[in-house]
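The values are calculated or read from the model by the stated rules, or taken from the named source; none is laboratory data. Everything quoted here is computed from the prediction, not taken from an experiment. Neighbour counts are summed over all protein chains in view; Cβ atoms, including those assigned to glycine, are modelled from backbone coordinates with ideal geometry.
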Amino acid sequence: MRTTVAIALLTLLVMFAAGCSGDGKLQTRGKVVKGGQPMTLPDNEYLRLIFIPDTPGERARDTYVAEYNRKDATFRVAGKDLRGMPPGKYKIMVEHLRGKEDLLKGAYSGEGSPFECEVHSSSDFVTVDMDQKSKPVQAPQSARNANQDLERGERR
């Protein structure tokens, strides 16, 4: 009887510890493709993938950088603490670097990036297809209004 109670308590303790010790972050993995094939790079080039939480109406408080394997075009989102990223919807910025030069010329950075994903578990796999065209970046509303006024010959 004592052994049964001890085993039951030990089982509950292990279950409780496992449920409470996690921080909910995900080890999201994925692959970058171009032309339907893995986008592998030579040793002097690197791909930087940055996952930015999609929080409409607010500025993102944190970003999550992926560790990219140039040999097989796979990545794992590590984040600053190397524990991953929280579940949610993300915009993905991509830079193809040779030294400090972005060979994509910023086409897939910030608002120009067409890449988005939503992750709910560590088993979710994200594919970034570099054949997608970047989005045109729009000027802020106040700048658009000023440009429209100038086109009509009006001054502010």
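Worth pointing out:
- Selected residue (criterion: surrounded by the fewest Cβ atoms within 10 Å (Cβ to Cβ)) from residues of the range 100-135 that are in contact (Cβ under 8 Å) with a residue 40 or more places away in the chain and among the small types (Gly, Ala, Ser): 121
- Near pairs, Cβ below 6 angstrom, 6+ apart or cross-chain, from the range 68-82 (touching a residue at least 12 places away in the same chain (Cβ under 8 Å) and under 14 Å from residue 124 (Cβ atoms)) to any residue that is among the hydroxyl-bearing types (Ser, Thr, Tyr) and assigned to a loop (DSSP other than H, G, I, E, B): 77/28
- The one condition in (1) touching a residue at least 60 places away in the same chain (Cβ under 8 Å); (2) within 13 Å of residue 28 (Cβ to Cβ) that residue 90 fails to fulfil: (1)
- Test: residue in the range 104-111 that is over 16 Å from residue 30 (Cβ atoms) and modelled with pLDDT under 85: yes
- Applying the criterion of being in a loop (DSSP other than H, G, I, E, B) and out of contact with any Gly (no Cβ under 9 Å at 6 or more places or on another chain) to the residues of the range 106-123, the residue that is farthest from residue 91 (Cα to Cα) is 123.
- Only residues that are farther than 15 Å from residue 49 by Cα and among the small types (Gly, Ala, Ser) were counted in the range 61-90, giving 1.
Yes/no matrix, rows are residues, columns are (1) among the aliphatic types (A, V, I, L, M); (2) modelled with pLDDT under 85:
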{"position": "67", "(1), (2)": "no, no"}
{"position": "77", "(1), (2)": "yes, no"}
{"position": "86", "(1), (2)": "no, no"}
{"position": "95", "(1), (2)": "no, no"}
{"position": "127", "(1), (2)": "no, no"}
{"position": "143", "(1), (2)": "yes, yes"}
{"position": "149", "(1), (2)": "no, yes"}
